1. Could you please rank 174, 76, placing first whichever residue has the fewest other Cβ atoms within 10 Å of its Cβ?
2. What distance in nm separates the simple spin-label points at residue 27 and residue 171, each placed 7 Å from Cα in the Cβ direction?
3. Neighbouring Cβ atoms within 10 Å as the yardstick, rank 95, 146 fewest first.
4. Order these by the 10 Å Cβ neighbour count, fewest first: 78, 109.
5. Just the C-alpha atoms of the range 75-121: what Rg/Rh do they give, with Rh taken as the Kirkwood radius?
6. Under 18 Å from the 7 Å Cα→Cβ point of residue 113, by amide nitrogen: which residues of the range 12-48?
7. Where the Cα atoms of the chain are projected onto their three principal axes, how long is each span, largest first, in whole Å?
8. Once fully extended, how much extra length lies between residue 161 and residue 72, figured as 0.36 nm per residue of separation less the alpha-carbon to alpha-carbon distance?
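Every number in this text was worked out from the coordinates using simple rules, so none of it is lab data. Note that this is a predicted model, so its numbers are computed, not measured. FYI the Cβ positions are ideal-geometry reconstructions off the backbone, even for glycines, and counts take in every protein chain you see.
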């Protein structure tokens, strides 16, 4: 639905087109859930488009987008979970949230309600930046420092490709007993990009259906 809506978009601003595509996807999931008697069924979504020197991200749920730059890994999205809300309210610490019973209780999901609030994040990007999109099956068991170490070397001579970096991150999580399906997307920025007619995947690795 998102790819179809994006492709059929009216050529407006990229963030507006992305938001509209996610809204349509939310409606499609909600309608499918109602038809099958599964109201409340939902999923998470973190979608990315690249426009010139800017990454535009649409986000619902607790999948994450990270920016790896200069050896550091920065989280670009905010988790939509009860535990994350408690951290933002300073009721618990990030360390406590990691093992909190409410860490997987979503406050927003795609398809859970007829309409959903969508976070739109705009991030300036430079050559050699790496953007990582991942489900909680990864970030729950692999630290930001490890993500920075694996992805920071992408593109250097003798170092992993984006696909290889994604595969390595998935393997790390699986070896540590990842209880969830894992999806990881690693994108290395190599040149300024125009607003594309449709999203393109530069590198993709998927294990499971998360």
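1. 174, 76
2. Label-label distance for residue 27 and residue 171, simple model: 4.5 nm.
3. 95, 146
4. Fewest-to-most ranking of 78, 109: 78, 109.
5. Radius of gyration over Kirkwood radius for the range 75-121 works out to 1.00.
6. It comes to 20, 22-34, 39-45, nothing else.
7. 52, 44, 32
8. On the way: separation 89, 0.36 × 89 = 32.04 nm, distance 1.83 nm.
Residue separation times 0.36 nm, minus the Cα-Cα distance, leaves 30.2 nm.
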